[in-house]
Each structure stands twice: as structure tokens, then as C-alpha cells.
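Okay, so here's the structure we're looking at.
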Amino acid sequence: PLLINQLAAGEVVTRPAAVVKELLENAIDAGATHIEVRITQGGMGMIEVVDNGLGIHPDDMVMAITRHATSKVADIATLQGINTLGFRGEALSAVAAVSRLTLTSSHDDSGVGRQLHVAGILADTPKLTPVVHNRGTTVTVKDLYFNVPARRGNLKSIGTEFAHIETIVREVALARADVTLSLFHDNKKRLLLSASLAETDTNNNNSRLPLSRLEQALGIALTSNAIPITIDLSSLLQSGAQSIEASARISGWLWTSQQSQSQTTLPKLLYVNGRLVKEVLISNQLRQLAASAQLDGIGYALYFDLPTQWLNVNVHPTKQRIRISPLNNIMAHLGHAIGLKLKSIII
Ligand code: ADP
Ligand code: MG
């Protein structure tokens, strides 16, 4: 079991930032509105994520760190219409296999929670200790790769590993503007991204990521060169078969490069139902659109809200790749709308 867990850990826990990503996703799946991330030594000393989500019932604490235990999918068939970020029950057990992990959680307002410790092998069932804890969950990961020296040796400098962590926190902040996120490194505050309400588009009552959150999360001012994007895809919904709630749209922002801005201020972010994904066909399309409008570079944060039946997220261990079913139709709409916007820009 140790070997299997370490193999799984190799796929999921590639570096400290990957741990941060999994812990943040769990906090968001638990409905947290405040998440604090505390890092020491670029994540090699400690990674701690504190959330105010639903918490874990004492009876489920051990399950949470058991491989392939997930509270999120009842059976494999459900994988089709998945709308939580996690679903394989792999992350916590994989992290526990290669670190000293403490899980603390409270699921009610009693002010009391339970705590358990795991370090590498899960030989005996961990004991639960009662502790003082507000509703929510704290996961503390210390000494990452203490039992996998080769992995530890592969890590880059503290600065590099922390930069990756900071990028993850910014990306999550852009996925969920309604969540307050803070990031500390060696006890110094590095990011504070307060929750902000979505902007409402006066034309169609659809919401969009507030520009202020985008600027905060990226740490740059965009006001003059950010273009709001709203693309209605409801014509692609089959009438009748879909529920009335089903919606299909793209919203977000696209911005053009300014000479003073380096490539690093031009992140290219595609979110599908709140999940940051890599979709090469769409990113290639956007690059070509920018090129044909004679733009050196564009950055974007585009949010695809699509019916879950259109998606297959179970394509890759990191869950970053996704299969979208009417992709050609979506790209046709996207190309048309963004092509028009870009042609209207005069630099
Ligand atoms: P997955 O997210 O794929 O279900 P994980 O290994 O990441 O698997 O987590 C296992 C289970 O532990 C989750 O299904 C959830 O029930 C519980 N869990 C983990 N982190 C949290 C958290 N921050 N708040 C509440 N429950 C959590
Ligand atoms: Mg998870």
C-alpha cells in the first residue's frame, strides 16, 4: 500500500504548489468563503490551508485520508456530470504518503473539532484527538518528501517553489472571486484578495468577474486595455431535453499587451465551470486571433459556463485536461465574437 500511495503521490504531488492546489480545491468544494494559506520555506517546511467550509464529521476523518475515498462521487457513473473540483479521493492520501500531515476539522459550531496525524505509511488507524477549532478544516503538511529523498532533491529554490505557490493562489482567486484568500510566506503577508461581488452585465443580467479582482489577483492595472467578453451559447442547448437551469455562456476579460508589460503579465487562463483547464485548441485559436489582429500578445481570463453533460473531466490525473463535446460549435462562437472585438481595437 505504501508503494501504491507513493506512485499515486508522484502523479498528484509533483511539487509544493501542487499540494497547495489540491488543498485549495478541497476548501472550495467544502464551500469555504475564507481561505488562508500559510507557507514556510517555499512549502518545503510547511504548507497549511485553513478554511471555513463545512468541515468533516469525526466519523469521516479517517476516510478523508484514505486512498480512493471521496465524499463527492457516489459511483463511477456519476463522473460524467461532476461539478466539484475533486472527485477521485486521491489527494489527501497521496499528500499524507509523502509528508507529515495533520488534519483538523470541525463540522459544527461547538468550537470543538478533531485532529489526526499521518506520516507516510498508514499502518494503524490514526487516533482522533479533540481540539479547539472553528467550523472548517485545517490541513497542515510538514516535511514534504521527508521519505522520498529523490523528490526532495528535485525541488528548486525556495523562491521558485514559492513563486509557483503564489501563481496557484492567484489562479484560484480568479476562479472564485467570491472567496477571500490570503497567503503568508514565513509569516509575512504576501497576498490578500478580498471577496468581491460579480459585476452584472446590464444587457443580459449575466455576471462577470469584477475587473478589480482581476487586477488584484494579477497585481497589475488593466483599466485602459481590458476588454469585457460575454458570449451567449444558449443556441447550442438542445431545447426540451435540457433542464431550464442549464446555461451555456462565456464571460471574462481579454487584455492586450503594452510595451511596458512583460509576457508574465499576459497569463492565458481558461476556466470551465470554475476549473482551470488546458484546452490547446482554444488557446491556439485565441493566439491566431491575436496574430491576425496584429497584436503582439494578449492575456485573458475566460470563463466557460457549460452544462456538465458537455464535459468529461476524468481525462488526466491533474484534472487539468478536459474534453468538451460540442467544441467546434463553441469555437465558432468564440472566434466570431473575439475576432470582432479585436478588430475594433486601435493601438
Ligand atoms: P477528493 O477531493 O477527490 O474527494 P481528497 O483526497 O482531496 O479527495 O479529499 C478526500 C475527502 O476528504 C473529500 O472527499 C472530502 O470529503 C474530505 N475533505 C478534504 N478536505 C476537506 C476540506 N477542506 N473540507 C471538508 N472536507 C474535506
Ligand atoms: Mg480533493
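The values are calculated or read from the model by the stated rules, or taken from the named source; none is laboratory data. Please read all numbers here as calculations on a predicted model, not as lab measurements. Note that we place each Cβ from the backbone using ideal geometry, even for glycine, and neighbour counts take in every protein chain shown.
Of the set (1) within 21 Å of the chain's Cα centre (by Cα); (2) surrounded by 15 or more Cβ atoms within 10 Å (Cβ to Cβ); (3) in the same structural domain as Pro58 (by TED's automatic domain parsing), all apply to Asp178 but (2).
Does Ser194 meet the test of being touching a residue at least 24 places away in the same chain (Cβ under 8 Å) and within 25 Å of Ala17 (Cα to Cα)? Answer is no for this residue.
Yes or no: region 157-164 includes at least one residue that is among the β-branched types (Val, Ile, Thr), modelled with pLDDT of 95 or more and farther than 22 Å from Val277 by Cβ. Yes: region 157-164 contains one or more residues that are among the β-branched types (Val, Ile, Thr), modelled with pLDDT of 95 or more and farther than 22 Å from Val277 by Cβ. For region 130-144, a residue qualifies if it is crowded, with 20+ Cβ neighbours inside 10 Å and either out of contact with any strand residue (DSSP E or B) (no Cβ under 6 Å at 6 or more places or on another chain) or under 13 Å from Glu36 (Cα atoms) (or both), and the qualifying residues are Gly136, Thr137, Thr138, Val139, Leu144.
The numbered conditions (1) more than 10 Å from ligand 1 (Cβ to nearest atom); (2) of a type outside the set (Lys, Arg); (3) touching a strand residue (DSSP E or B) at 6+ places or on another chain (Cβ under 9 Å) are all true for Ala123 except (3). Pairing each residue of region 25-37 that is within 18 Å of Asn273 (Cβ to Cβ) and in the same structural domain as Val139 (by TED's automatic domain parsing) with any residue that is of a type in the set (S, T, N, Q) and near ligand 2 (Cβ under 9 Å from one of its atoms), provided the two are 6+ apart or on different chains, yields C-beta distances under 6 Å for Asp29/Thr84.
Within region 79-108, the set of residues being away from ligand 2 (no atom under 15 Å from the Cβ), at pLDDT 95 or above and either farther than 19 Å from Ala17 by Cα or buried (at least 24 other Cβ atoms within 10 Å of the Cβ) (or both) comprises Ser99, Thr104, Ser106, His107, Asp108.
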